[in-house]
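Colleague: Quick one: this structure, given as structure tokens, is what I'll be asking you about.
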Amino acid sequence: MDNLRYWLGFNVVRGIGPVRLRALIERFGDVRAAWEAPQSALQEAKLDRRSLRNLLKARRQVDLDQLLRKVEVEGVQVFTWESADYPSLLWEIDDAPPVLFVKGTLTPADEWAVAMVGTRKSTVYGKELAQRLAGDLARNEITVVSGLARGIDGIAHRAALVAGGRTLAVLGCGVDHIYPPEHRRLAQDIIANGALISDYPLGTPPEGKNFPPRNRIISGLSLGVVVIEAGERSGALITADFAAEQGREVFALPGNVLSPASKGCNRLLKDGAAVVTEVQDILETLHLNQVVEKKVARQLLPSNATETLIFENLSTTPTHVDALSREIDLPVETVSSTLVMMELKGLVRQAGPMRYVSAHESRVEYEITPAIAREDEGTA
């Protein structure tokens, strides 16, 4: 909590996003030291001229205590890279946001999440399938993630709530702004049964440029992304692109080849997206048929020395069972059977045939991640 003010400070500096902030933390040791570093040291750290100018200006003008007070007044939770309960799925992506603002609650159950996105101008067909699939996901205790937009997003959130499930809405503005305004009641219901999430500072208005970058968080919070309907230039396709880059499964609902609302989905299917016509397509592909059993097992099954040893030798990089067996000097049969139990607990996840990753990677150390095509720009 002592460092939270500095995380909030960096969050309002344009030009310092995940890549540059990781580099600064690596250089200076922690986020406070990076914020307070002398100008000469920041120059030596090869911070570009524009970012350096913006940082120095923020240090002069931004009241860090006021940022903290605003968070408290709004009743918002803040998760940073230092937070032990930062969402583990989101942590896996290269450009995980350094700061997340959350209004509502995030729970361990939200690790079993599927995103559902689509056009704002949905057809009767799209609305019906979105409602059916989102409701079925919720009834199978899968958290539904979307963007609170008009059309498919709003339908997916509502269907999950009606089914008694949880849903997360990722915003292209601060969590203290509800957009579109007609979704204010829906937003309140989401807060009561999930959360509103954003990496944008409180007070950020819903500007058009904010929405494409936030889509990486929608896919990053999810095991897979379901595109219900999408035109040729739909924002839902941006979410699908992020999902593919992040190694997440992409599903698309096949549609009428003559319908503009289905052109994006049909193109995704041509490009290799998985076909979805019923919820079982999603559950089977993502190995989510036993989510209820996994949640019970996480609470009931005890840990042991073998599980601990396996967990300590897994990371977010997929490891083959044979390689893991050699690394910890245990029989393959023992490793395989233990991994099955650990997957039921939610401690590990399959990442391919006989390959596993940790579902709770340590976040104490920071690693420099390669810059992606979308180099840091603002808080997105």
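The values are calculated or read from the model by the stated rules, or taken from the named source; none is laboratory data. Keep in mind that this is a model prediction, so the values were computed, not measured. Neighbour counts are summed over all protein chains in view; Cβ atoms, including those assigned to glycine, are modelled from backbone coordinates with ideal geometry.
Colleague: So is VAL291 of a type outside the set (Phe, Trp, Tyr), closer than 23 Å to VAL357 by Cβ, surrounded by 14 or more Cβ atoms within 10 Å (Cβ to Cβ) and at pLDDT below 95 or not?
Modeller: Against the criterion (of a type outside the set (Phe, Trp, Tyr), closer than 23 Å to VAL357 by Cβ, surrounded by 14 or more Cβ atoms within 10 Å (Cβ to Cβ) and at pLDDT below 95), VAL291 qualifies.
Colleague: Which of the residues spanning the stretch 311-363 are under 17 Å from TRP91 (Cβ atoms), of a type in the set (A, V, I, L, M, F, W, C) and touching a helix residue (DSSP H, G or I) at 6+ places or on another chain (Cβ under 8 Å)?
Modeller: PHE311, LEU314, LEU347, VAL348, ALA359
Colleague: Pull out all pairs, ordered by first then second residue, where Cβ-Cβ is under 8 Å, the residues are six or more apart or on different chains, the first lies in the stretch 5-34 and is at positive phi, and the second is at pLDDT below 95 and among the hydrophobic types (A, V, I, L, M, F, W, C).
Modeller: Filtered contacts from the stretch 5-34: no entries.
Colleague: Can you confirm whether the stretch 94-104 contains a residue that is in contact (Cβ under 8 Å) with a residue 60 or more places away in the chain, within 18 Å of the chain's Cα centre (by Cα) and within 24 Å of ASN256 (Cβ to Cβ)?
Modeller: Within the stretch 94-104, not a single residue is in contact (Cβ under 8 Å) with a residue 60 or more places away in the chain, within 18 Å of the chain's Cα centre (by Cα) and within 24 Å of ASN256 (Cβ to Cβ).
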